[in-house]
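Scroll down for the structure; my scribbles are underneath it.
The values are calculated or read from the model by the stated rules, or taken from the named source; none is laboratory data. Note that the coordinates shown come from a computational prediction; the quantities given were computed from them, not determined experimentally. In this analysis, Cβ positions are derived from the backbone assuming ideal geometry, glycine residues included, and neighbour counts consider all displayed protein chains.
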Amino acid sequence: MTAATIFALATPPGRSGVAVLRVSGPQSDAALSALLSGKKLPTPRKSCVRRVIDPATQEILDEPLIIRFAQGSSFTGESSFELHLHGGRAVVAAVLRVLSERDGLRMAEPGEFTRRAFDNGRLDLAQIEGLADLIDAETASQRRAALRQYSGSLGEKCREWSASLTRGLALLEATIDFADEEIPDETYAVASKAIFSVRDDLAHALSAPAMTERLRSGWRVAILGAPNAGKSTLINALAQRDIAITSDVPGTTRDSIEISLELDGFPVTLIDTAGIRETEDAIEREGVRRSGFAAQEADLRIALLAHDAPLSPDIDALLVADDLRVWNKHDEMPADQDVDCAISAKVNEDLTPLINLVKQRLELSEPPSDALWLRERHRIALSDALRSLERYAVLASDGDSRLQTVPEIAAQDVREAYEALGRITGERGVERLLDVIFSEFCLGK
């Protein structure tokens, strides 16, 4: 069955300077020819500016930049083209209407362009996940990690490991198939050398800090304290804009307020919580309860103290060893006060000492340059492969003599490792994952 030709905006809907419209599939050249009134198609991969028309009425719709891609050289691997239209709503609507009226063309579903790139071998599954992360990247560290994934480093390494396992497995299979014949003495040693090399590489890859996955989701920091400790003022100072309402009236903040920001390139969510105190107000009491929940879920807690907002037993009970105790309004701090640092959020004093402490406690740092995996799915598959090869290593621990007695079991261990690596690139055992992964993409990608 011939695939439909699909089209969609690759830019957000709404008024803009430029709107990029993508078309991909077997009917793309015919559709472009119709828009150009049958005139010669542009040379592939060379941009040009042409008038596009409504084939039914010959009305000029726009004069966009056009880029055409031949089959095999486009993002999807199919014949395709892009129209860089003027971004007025009427222009975009008119061109979309004309395309939708053509037989064999339909609107793309979310992620369908990328799905076709996968089906046509243009991207492996790990690269596609990297692309999704790149689109969603909000900080410099997320961008750099996503680019490494999108570049294909993990998929390339998996294919390299799979090739080594294939060589080792072929030797093991030969000892099974030709069990009645004399097997060269070095056969098992050569097989084990290739397999152990992969096992060692996997162990090194999995030794990368767990923060590679954490980099995608970010870290959460809850700011706790009694009413009027200055929590909302600190949030505003760190965000460098007015996010939370500040007031001298105790209990102003009654719910947790979250603000996402970039802390030296890392994604951090700050949580402004309700002041923790005993209260008869039902709404404020619910806010205090939610403050406790936010504190438990956070990666780090900052307890903010002041001369009129001391550290109460209820607040202290929410803290753990690595949490920060910070004195606000430092000009009023007693000399013997035991805190990690002192600030003055209200006068917008330099907060670098506090920021450095947060970075230190969260252990924010770039993943190693050789860090391969970024998602938990990758870590699980690599771990599965390593466990299989470690089982093989147990069989080989007594030398070639034991492998000779159970070559079928040894071969199965290697085969399972090979299958686990294939799940990362999407070559094996990921059918149920595909719809979930591609649904994460926006329309037009």
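Here are the numbers for the structure shown:
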quantity	calculated
Wholly within region 60-176, helices (runs of 4 or more DSSP H) carrying at least 2 residues that are within 14 Å of ARG22 (Cβ to Cβ)	89-100, 112-119
Meets criteria (modelled with pLDDT under 85 and surrounded by 14 or more Cβ atoms within 10 Å (Cβ to Cβ)) for ALA145	yes
Test for GLU427: is it surrounded by 14 or more Cβ atoms within 10 Å (Cβ to Cβ), acidic (Asp, Glu), at pLDDT 70 or above and under 30 Å from PHE7 (Cβ atoms)	yes
Tabulated pairs, region 27-44, first closer than 18 Å to ALA4 by Cα and not assigned by TED's automatic domain parsing to the domain that holds ILE67, second part of a loop (DSSP other than H, G, I, E, B) and at pLDDT 95 or above, C-beta under 7 angstrom, 6+ apart or interchain	none
In region 311-329, the residues that are in a loop (DSSP other than H, G, I, E, B) and either in contact with a Cys (Cβ under 8 Å, 6 or more places away or on another chain) or under 21 Å from ALA237 (Cα atoms) (or both)	ASP323, ASN328, LYS329
Only one of SER344, SER369, SER388 that is farther than 29 Å from HIS204 by Cα, among the hydroxyl-bearing types (Ser, Thr, Tyr) and either modelled with pLDDT of 80 or more or out of contact with any Gly (no Cβ under 7 Å at 6 or more places or on another chain) (or both)	SER344
Pick from region 1-22, criterion among the β-branched types (Val, Ile, Thr) and surrounded by fewer than 21 Cβ atoms within 10 Å (Cβ to Cβ), ranking: modelled with the lowest pLDDT	THR2
Enumeration of residues in region 223-237 that are farther than 18 Å from ASP314 by Cα and hydrophobic (A, V, I, L, M, F, W, C)	LEU234, ILE235, ALA237
Residues satisfying the stated conditions in region 78-115, i.e. under 28 Å from the mean Cα position of the chain (by Cα) and among the basic types (Lys, Arg)	ARG115
Residue that is modelled with the highest pLDDT [pool: residues in region 193-241 that are of a type in the set (Ser, Thr, Tyr) and within 22 Å of ALA417 (Cβ to Cβ)]	SER197
Residue in region 281-288 that is modelled with pLDDT of 80 or more, outside any loop (DSSP other than H, G, I, E, B) and closer than 15 Å to ALA226 by Cβ present	no
Within region 150-187, tally of residues that are crowded, with 19+ Cβ neighbours inside 10 Å, polar (S, T, N, Q) and modelled with pLDDT under 85	1
Whichever residue in region 32-54 is touching a Leu at 6+ places or on another chain (Cβ under 7 Å) and part of a loop (DSSP other than H, G, I, E, B) and, among such residues, is surrounded by the fewest Cβ atoms within 10 Å (Cβ to Cβ)	SER47
